[in-house]
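A.B. asks: Sharing a structure with you now.
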Amino acid sequence: MALASTDSWRGGTSAAAAMNVFGPLLWTDVATLTTDTKSYLVKGAAGINGIGVFGGTGSVSTAALNSAGTAISASSSQWTYT
């Protein structure tokens, strides 16, 4: 599973090519995790053990990354950045 910004064509192109085989690509805003994306992550949290992010924090902000981590874990102490 991966996140890419709707504002970054480079990150989106790379993510789409990579995730064509490995799983779903979720689109989000630069500053915040979109409601639809967060809902998808919360519903699938039991089966998600990692999220790849394309474009870095310039394309997907730290706040959006924190929201994604919180959406797939029981608490903020149970996920890390790699």
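The numbers here are math on the coordinates, done by the rules we state, and not lab data. Everything numeric here is computed off the predicted structure, so don't read it as measured data.
A.B. asks: Hey, what number do you get for the chain at 222 nm if only DSSP H runs of n ≥ 4 count, each worth -39500 (n - 2.57), divided across all residues, to the nearest 500?
C.D. replies: Numbers: 3 runs with 34 residues, N = 82.
Computed ellipticity for the chain at 222 nm equals -12500 deg cm²/dmol.
A.B. asks: In whole percent, what relative contact order does the range 10-82 give with Cα contacts below 8 Å and a gap of six or more residues?
C.D. replies: That works out to 35 percent.
A.B. asks: Then there is this: How large are Rg and Dmax for the chain when only the alpha carbon atoms are used, in Å?
C.D. replies: Reported Rg and Dmax, both Å: 11.6, 32.
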